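Report on the following structure.
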Amino acid sequence: MSAMWRIAREEWRLWARSRVVLLAGLIIAVLIVVTSVLTALRVTAEAERRADRQASAEATFFAQPDRHPHRMVHYGHYAFRTPPPLAAFDPGVDAVTGQSIFLEGHRQNTAMFADTRAGADLGGCAALTPANIYQLLLPLLLIVIGHGVVLRERESGTLAVLLAQGQSGRAIAGGKALALAGIAGVFLLPLAGLALFTAARAEASQASAAAALVAGYGLYLAVWCALVLAVSLWVRQRSVALGLLVLIWLLVALIVPRVAINTASAMIDAPGKIESDLVMLSQQRKLGDGHNAADPAFDALQKQVLEQYEAQSVEELPINWRGVVAGYSEQKLTAMMNAFAEDRMRREASQSRIVTWFGLASPTLAIGAASRTLAGTDLATHHRFLRESEGLRFDFVQGLNDLHAKALTYADDAARSTDSAAEQRTRVNAASWRLLDAFRFAPDPAEVRAARALLPLMVLLGWLVVLGGAIGAGARRLRP
């Protein structure tokens, strides 16, 4: 049996006899189990609920009677963002960004109905998720358990005995590191079990994302084990070591993340929705009113269409001029709205990158970014939901505008407000509503998420390398 293994085994025996260690470990274990079960049940139920609502919204849209196509444009449709399987561990941005969007013509609505059910499930601990426990509370447990892992040997005099017996400082540090790693490994088991459970209920590609998530948290806990051991090697008093480690935890887990968020907001200005809507409204007026085919903004388009069909007036056109205007106006309006939306998402992504780079000062920020990304609940996934739902909106609105232009005559369309017979002729058969595609949002493939998570994972690896160097230097300093 190697010296390192014997040292680690003795450390585990000591911790097993310590009521403080057992009590702290039991509290963390119960929190992990309870929050994991509650979060998994809530996310699973929410996924089923959103899938049912999406199917119901599509069935309701398809079941509409014969109508004028533009009425269906304003009738609208819903798109729901179904949470991915690994959201059971890290719900990410789901609680604050909204889960559904109402899609209608001439507007890009924001996501609605942020997930508030967690408040009912977890009471005052609504923000307590398995990811938060691993990111915030497990490091505290490692600090409580391991802050005196070397100092205890020094204070009791056993360190001098070990060194006198020929044990090297490297072997002692290695044994202590193995002991701490064993504790961290035990607490990784619930995460591994949850990852296996969620991956088994999803497609095979989720398994690799789940494995990467477990590996990421293993790296994160290894950083904290290394930090605890390094402080225990370099500091001479247990009380000083405990105080220093708690101070470091406060800095990297609570203070630096707040500083990072404030810095990102200060560096990248993101206008509020009201301000953006006012600016967009002023530009929208220049595009013309798509409901008014006689708007001067469409004079150039009218001339172009008349020349294309060799007609002298819009009444002679083989297509409905009003439908042409509706489609053209929607295209121009959507391009403008997309430009504003992309600018907003670019600013939000820039802010997120700044926060991620603060992982150089806080491993908690680094693992948070990697965790959300691998779970498929990060900001980039939300932005993709916005883009895909907007694509759905534009396609079905333009499909209806195409029906407006080709299935209705201009004369009937112009007279439908005063002529009941014309109004009846402008109602399109309900079978035409099938132009709407089914919408099922899914997370990015595992390899795409892993690529996005590479930066924060490399930051964690950098932390581990630096702390490994500090441990090596501290082990060489051990003297009888």
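Structure data summary
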quantity: For the range 329-339, 3J(HN,Hα) per residue [Karplus equation, 6.51 cos²θ - 1.76 cosθ + 1.60, θ = phi - 60°, Hz, x = Gly/Pro]; calculated: 4, 5, 5, 5, 5, 5, 4, 5, 5, 5, 4
quantity: The range 1-47: translational diffusion in µm²/s, Stokes-Einstein, Kirkwood Rh over Cα pairs, 4 °C, 1.567 mPa s; calculated: 98
quantity: Relative packing of peptides 190-196, 15-21, 339-345 - highest average C-beta neighbours within 10 Å first; calculated: 190-196, 339-345, 15-21
quantity: Simple label model, 7 Å out from Cα along Cβ direction - Asn109 to Leu23, nm; calculated: 5.3
quantity: Added length on full extension, which subtracts the Cα-Cα distance from 0.36 nm per residue, Thr60 to Ser432; calculated: 132.5 nm
quantity: Around Tyr217: net Lys/Arg minus Asp/Glu count, Cβ-Cβ under 14 Å; calculated: 0
quantity: Label assignment, volume of the Cα convex hull per residue in Å³ derived from the structure, set (1) 184; (2) 195; (3) 166; calculated: (3)
quantity: Whole-Hz couplings from phi, Karplus 6.51/-1.76/1.60, listed for the range 154-159; x for Gly and Pro; calculated: 5, 5, 7, x, 6, 5
quantity: In the range 137-215, the GluC sites (Glu not before Pro) that fall in loop regions by DSSP, at most 13 other Cβ within 10 Å; calculated: Glu203
quantity: With Cα atoms, 0 to 90° folded angle of helix 273-287 axis to the chain main axis; calculated: 30
quantity: 5 angstrom amide H check on Leu103, placed H, neighbours 5+ away; calculated: His77, Tyr78, Ala79
quantity: Sequence-distant residues sharing a close amide H with Val428 (under 5 Å, placed H); calculated: Arg67, His68
quantity: Whichever aspartates and glutamates have a C-alpha closer than 19 Å to that of Lys176, once near sequence neighbours (fewer than 8 apart) are set aside; calculated: Glu10, Glu11, Glu153, Glu155
quantity: Added length on full extension, which subtracts the Cα-Cα distance from 0.36 nm per residue, Ala473 to Trp5; calculated: 166.4 nm
quantity: Label-point gap, in nm, between Ile268 and Ala300 - each point 7 angstrom along Cα→Cβ; calculated: 3.4
quantity: Efficiency of FRET between Ala160 and Asp289 - r from beta-carbon atoms, R0 60 angstrom, step 0.05; calculated: 0.10
quantity: Contour excess over end-to-end distance, with Cα ends at Trp12 and Ala349 and 0.36 nm allotted per residue; calculated: 116.9 nm
quantity: 0 to 90° range, to nearest 10: angle between helix 19-62 axis and the chain longest Cα axis; calculated: 10
quantity: HN-Hα J in Hz across the range 357-366 - Karplus 6.51, -1.76, 1.60, θ = phi - 60°, x for Gly and Pro; calculated: 5, 5, x, 5, 9, 8, x, 5, 5, 5
quantity: Sparse-neighbourhood loop sites, trypsin sites (Lys or Arg not before Pro) in the range 169-245 - DSSP loop, at most 16 other Cβ within 10 angstrom; calculated: Arg201, Arg236
quantity: Surrounding net charge for Trp433, when Lys and Arg each add one and Asp and Glu each subtract one, Cβ distance under 14 Å; calculated: -1
quantity: Environment charge at Ala131 (Cβ cut-off 9 Å; Lys +1, Arg +1, Asp -1, Glu -1); calculated: 0
quantity: Shape category assigned to the range 129-236 from the gyration tensor of Cα positions, a/c cut at 1.5; calculated: prolate
quantity: Computed [θ] at 222 nm, helices only, for the chain once each DSSP H run of length n ≥ 4 contributes -39500 (n - 2.57); calculated: -23000 deg cm²/dmol
quantity: Trp433, Trp234, Trp224, Trp357 arranged by Cβ crowding within 10 Å, fewest neighbours leading; calculated: Trp234, Trp357, Trp433, Trp224
quantity: Under 12 Å from Lys286, Cα to Cα: aspartates and glutamates that are on another chain or at least 8 residues apart; calculated: Asp295
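Since every read-out is calculated from the coordinates, none of them should be taken as a lab result. Quantities reported herein were computed from a predicted structural model and do not represent experimental measurements. Positions of Cβ are backbone-derived with ideal geometry, glycine not excepted, and every protein chain shown enters the neighbour counts.
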